[in-house]
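Novice: I have a structure here, written as C-alpha cells, and I will follow up with some questions on it.
Bear in mind that the values in this text are calculations on the coordinates, not laboratory data. For clarity, every value in this text was computed on a predicted model and none was experimentally measured. All Cβ positions, glycine included, derive from the backbone under ideal geometry; neighbour counts span all protein chains shown.
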Amino acid sequence: MNVNLKNAIKNSEKCSSILSKLVGFMFSSSKKPKLFIFSKEQPVQIHTFFCLFPLKIIYFSKNLKITRQEIAKPFRILKSCRAKYVLEIPYRK
C-alpha cells in the first residue's frame, strides 16, 4: 500500500452504520475520503446516484489487500466485488 493510500485511510470519514453507508457521497460536496467498514467480507455493490463528482473506489479484503480499484462516474451502478472495506476518494484528474 502506498503512502498516499495510507494517508487517505487515516484521514477518511469512517462509515460503519447502515445510514452512513447508504448516503455516502450522495448530494455531498465534501472532498474527505470515506471508508466503508462491513462486518465481514461480502459482495459489495456501489452506486454513484446523486454523486456530484467522480470517485476512485478501492476495495479491500479482510487482510487489507486491494482486490479491485476503479474510477466511478456519477449516476452509475458498479459491478459487485467481495470486500470487507471500501475506500471512496473524490477523483480529480
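Novice: Which of Leu64, Gly24, Phe75 sits farthest toward the positive end of the charge dipole of the chain, with +1 on the Cβ of Lys and Arg and -1 on the Cβ of Asp and Glu?
Specialist: Among Leu64, Gly24, Phe75, the one farthest towards the positive end of the dipole of the chain is Leu64.
Novice: Name the shape class, rounded, prolate or oblate, that the alpha-carbon gyration tensor gives for the chain, where a ≥ b ≥ c are the square roots of its eigenvalues, rounded holds for a/c under 1.5, and otherwise prolate holds if a/b is larger than b/c and oblate otherwise.
Specialist: Taking the square roots of the gyration eigenvalues as a ≥ b ≥ c, the chain is rounded.
Novice: If you don't mind, another one. Amide H neighbours of Cys51 under 5 Å, at least 5 residues apart or on other chains, H built in the peptide plane: list them.
Specialist: Under 5 Å from the amide H of Cys51: Phe27, Phe75.
Novice: Strictly over 24 Å apart at the Cα level, which of Lys6/Lys34; Lys21/Lys62; Lys10/Lys79 would you flag in this model?
Specialist: Checking Cα-Cα distances, Lys10/Lys79 exceed 24 Å.
Novice: Given a Förster distance of 30 Å, report the FRET efficiency between Arg92 and Ser16 from their Cβ-Cβ distance, rounded to the nearest 0.05.
Specialist: Plugging the Cβ-Cβ distance into 1/(1 + (r/R0)^6) gives 0.70.
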